[in-house]
Amino acid sequence: MKEAYISIGSNLGEREDMILHALTALHGESGVTVTKISNFYETKAWGNTNQPDFINAAAKILTDKTPEELLEILLKTEQKLGRKRLEHWGSRSIDMDLIHFEGVVMDTEKLKLPHPFFDKRNFVLVPLAEIASSLVINGKSVKNHLIDCMDRLPVRKTSAVDFDISLIAAVDAGFGIGKNGNLLYKVSEDMKYFRETTMGGVVVVGRKTFENMGNLPGRNIVVMTKKDDFKDESVQTASSVAKLLRLLKNYRNKKIFVAGGAEIFKELMPYARKAFITHILDKREADIFMPTLYDFKLKTARFTEDKRTKLAFAAYEKK
């Protein structure tokens, strides 16, 4: 897997939602994993200034694709979301530029790497410096590129993703979390830890997880489901990442926990800043697994034992 960084922007329609839809589509591509997303920033248009302001962000990607293949995926995603290339530096519903691809320098008619203008634009460098300040491009760190940049257009943070979102799960030694739609383990110490950690917060789950889990007293529940037939007045629902993050603006003073299942973990992992993982020091046959915690670093771990089950409560933070 190689690291790649993209710049993404929009200045038409629901700009933040458009960026979130693009990132969700990109993250869902085979061989592409979005691991970090910057805050969102509003900027004046660069080049052709007679157009609406842009919302811009940066994202880190891990991929097994070639740079050319990744570029094709970016272009395909733009087209799916209605991008029409009618005017150079003109208004666009979505714009996704490949800025850097690990170990690659190239200059062809179709693709130039690193991006030839990345170091001249604050709307690229400010979000990029947030998630990769020490990344070296053209012999200089992104942080120093930003210091030396002559662009004077203001960049104002106006974020759709700046939430206290954490993943929370119990996994076995093989990172299994379930079998046939059921949890691998129901350990009293872990259940107590889950209750104490999430109390007073917001818990985001998929429909199947909610049906198995039920309501959680003392917590707000948001169910992610694309099906219109789900009805439960005790919870709120969201059918997309964009709708979820818009809903979560009502809970900015609360901690937010993503509690599964596997697809929900995968979809929301790019937006999570922390992960609380109960490692059960045992292994069972599983068919549902926790996605890899890319870009998370272990901060603390506490070992304990429940009857005959050994546990490690681990806290991770995104690097």
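The values are calculated or read from the model by the stated rules, or taken from the named source; none is laboratory data. None of these values were measured; they are calculated from a predicted model. Glycine also receives a Cβ, built like all others from the backbone with ideal geometry; neighbour counts cover every protein chain displayed.
Might you let me know whether the range 187-204 holds any residue that is among the acidic types (Asp, Glu) and within 25 Å of the chain's Cα centre (by Cα)? Lay out the reasoning, then the answer.
Keep residues of the range 187-204 that are among the acidic types (Asp, Glu), which gives 189-190, 196.
Now drop any that are not within 25 Å of the chain's Cα centre (by Cα), which leaves none.
Taking every residue of the range 187-204 in turn, none turns out to be among the acidic types (Asp, Glu) and within 25 Å of the chain's Cα centre (by Cα).
Leu183: crowded, with 16+ Cβ neighbours inside 10 Å, free of Cβ contacts under 8 Å to residues at least 40 places away in the same chain and under 21 Å from Asp282 (Cβ atoms), yes or no?
Numbers: crowded, with 16+ Cβ neighbours inside 10 Å: yes; free of Cβ contacts under 8 Å to residues at least 40 places away in the same chain: yes; under 21 Å from Asp282 (Cβ atoms): yes.
For Leu183, the condition - crowded, with 16+ Cβ neighbours inside 10 Å, free of Cβ contacts under 8 Å to residues at least 40 places away in the same chain and under 21 Å from Asp282 (Cβ atoms) - is met.
Does the range 102-116 contain any residue that is touching a residue at least 12 places away in the same chain (Cβ under 8 Å) and farther than 22 Å from Glu78 by Cβ? Give the derivation first.
Pass one, the range 102-116, residues touching a residue at least 12 places away in the same chain (Cβ under 8 Å): 102-104, 106, 110-111, 113-115.
Right, trim to farther than 22 Å from Glu78 by Cβ and you get 102-103.
Checking the range 102-116: at least one residue is touching a residue at least 12 places away in the same chain (Cβ under 8 Å) and farther than 22 Å from Glu78 by Cβ.
Can you tell which of Lys140, Lys157, Lys120, Lys112 is touching a Cys at 6+ places or on another chain (Cβ under 8 Å), surrounded by fewer than 16 Cβ atoms within 10 Å (Cβ to Cβ) and either more than 30 Å from Leu311 (Cβ to Cβ) or not assigned by TED's automatic domain parsing to the domain that holds Ala314 (or both)? Walk me through it before giving the result.
Numbers: Lys140 fails: touching a Cys at 6+ places or on another chain (Cβ under 8 Å); Lys157 fails: touching a Cys at 6+ places or on another chain (Cβ under 8 Å); Lys112 fails: touching a Cys at 6+ places or on another chain (Cβ under 8 Å).
Testing whether each residue is touching a Cys at 6+ places or on another chain (Cβ under 8 Å), surrounded by fewer than 16 Cβ atoms within 10 Å (Cβ to Cβ) and either more than 30 Å from Leu311 (Cβ to Cβ) or not assigned by TED's automatic domain parsing to the domain that holds Ala314 (or both) leaves just Lys120.
Considering each of Asn39, Asn48 in turn, give the residue that is in contact with an Asp or Glu (Cβ under 8 Å, 6 or more places away or on another chain), modelled with pLDDT under 95 and surrounded by fewer than 18 Cβ atoms within 10 Å (Cβ to Cβ). Walk me through how you get there before you give the answer.
Numbers: Asn39 fails: modelled with pLDDT under 95.
Selected residue: Asn48, the only one of Asn39, Asn48 that is in contact with an Asp or Glu (Cβ under 8 Å, 6 or more places away or on another chain), modelled with pLDDT under 95 and surrounded by fewer than 18 Cβ atoms within 10 Å (Cβ to Cβ).
List, please: which pairs have Cβ atoms under 8 Å, are six or more places apart or on different chains, and start with a residue in the range 207-221 that is among the charged types (D, E, K, R) and end with one that is at pLDDT 90 or above and part of a strand (DSSP E or B)?
Short answer, once both residue conditions are applied: Arg207/Val223; Arg207/Met224; Arg219/Val202; Arg219/Val203.
Could you check Leu184 against (1) modelled with pLDDT under 95; (2) among the hydrophobic types (A, V, I, L, M, F, W, C); (3) within 16 Å of the chain's Cα centre (by Cα) and say which number it fails?
Result: Leu184 fails condition (3) only.
Consider Thr278 against the criteria (1) buried (at least 19 other Cβ atoms within 10 Å of the Cβ); (2) closer than 17 Å to Thr24 by Cα; (3) hydroxyl-bearing (Ser, Thr, Tyr): it satisfies all of them except one. Which criterion is unmet?
(2)
If Ser134 meets every condition in (1) under 25 Å from Ser30 (Cα atoms); (2) without any contact (Cβ under 8 Å) to a residue 12 or more places away in the chain; (3) touching a strand residue (DSSP E or B) at 6+ places or on another chain (Cβ under 8 Å) apart from one, which number is that one?
Failing condition for Ser134: (1).
Do we find a residue being surrounded by 18 or more Cβ atoms within 10 Å (Cβ to Cβ) and assigned to a loop (DSSP other than H, G, I, E, B) anywhere in the range 263-275?
Looking through the range 263-275, at least one residue is surrounded by 18 or more Cβ atoms within 10 Å (Cβ to Cβ) and assigned to a loop (DSSP other than H, G, I, E, B).
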